[in-house]
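Report on one structure; see the data block that follows.
The numbers here are math on the coordinates, done by the rules we state, and not lab data. No experiment lies behind these values; they were computed from the predicted model shown. Cβ atoms come from the backbone with ideal geometry, glycine included; neighbour counts cover every protein chain shown.
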């Protein structure tokens with residue numbers, strides 16, 4: 001787009017509508033993220049599992065990690081809000097109208113700041129997903145290829161930020177388009193692989209856990225909801241749709257990239273919430289649920305069967321499991 005383009009071409013109107021709709025959906029998801037984060041912090045701080053030096057350190061890491069995601073999302077959301085205000089209110093009378101202003105301001109400092117915040121949020125999410133893959137498989141070997149993709153995506157994201165900060169940068173033309181395809185392709189490829197690895201592992205463990213502890217416990221750790229959350233399936237799904245639309249130079253892709261970026265924060269926060277509730281996978285959970293021989297406290301097990309609330313002891317802590 002340039003200042004000489006007409007104001008109301010179909011592609012420009014679609015782009016503007018998508019930018020606006022994506023921003024509104026982002027604002028709604030941002031509020032949901034705040035609620036999930038506050039709930040996670042409350043459960044983490046009140047949970048008896050947070051006692052002890054090691055557990056206190058883990059709790060602090062999850063709280064700081066979630067808080068960092070909130071800060072980065074706030075920065076990205078504020079930058080998008082400023083962009084919308086300038087385009088549709090403060091500078092709507094520029095030659096060519098809002099479409100021309102949007103096309104000419106993609107490299108503005110506040111846009112670059114918002115892009116950087118979104119990219120950092122994405123890589124924090126990918127880092128946690130790789131770590132969860134390691135936790136669930138209990139070995140770093142399966143995570144080696146995703147780590148290589150992570151480093152490749154990181155280098156491409158730096159180039160993307162650099163190109164988008166150049167004067168005259170265009171969302172659908174030149175190096176910005178190329179890096180805009182390569183960077184998410186790396187990170188979405190990583191998401192697909194890690195999602196598949198986590199799903200395979202959870203499905204295989206479900207069979208083992210069902211034989212040992214029954215379908216009730218297996219469902220809590222390896223049910224459909226557990227698999228969707230632990231594998232960040234929604235984040236991966238939105239990413240795949242976005243890359244396809246962006247590669248086709250679809251104007252509506254600007255809405256998808258915002259929603260995809262939102263789930264870069266929501267997906268890991270949902271994992272943290274499950275951990276805070278005692279339903280998420282930890283190193284102890286993997287070791288205990290996959291031990292060759294298991295013993296457990298029958299009284300505590302009976303109590304756990306009665307109470308499946310978030311504060312109940314139906315997690316791995318409920319079962320006094322250990323290899324004999």
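Taken along the Cα-to-beta-carbon direction at a fixed 7 Å, the label points for residue 249 and residue 61 span 4.6 nm.
A straight chain from residue 141 to residue 82 at 0.36 nm per residue would run longer than the Cα-Cα distance by 16.8 nm.
Distances over 25 Å make up what percent of all Cα-Cα pairs in the stretch 10-277?
48
Extension gain, residue 32 to residue 71: 0.36 nm times the residue separation minus the Cα-Cα distance gives 12.6 nm. Legend: ranking of residues 65, 242 from fewest to most surrounding C-beta atoms inside 10 Å; resulting order 65, 242.
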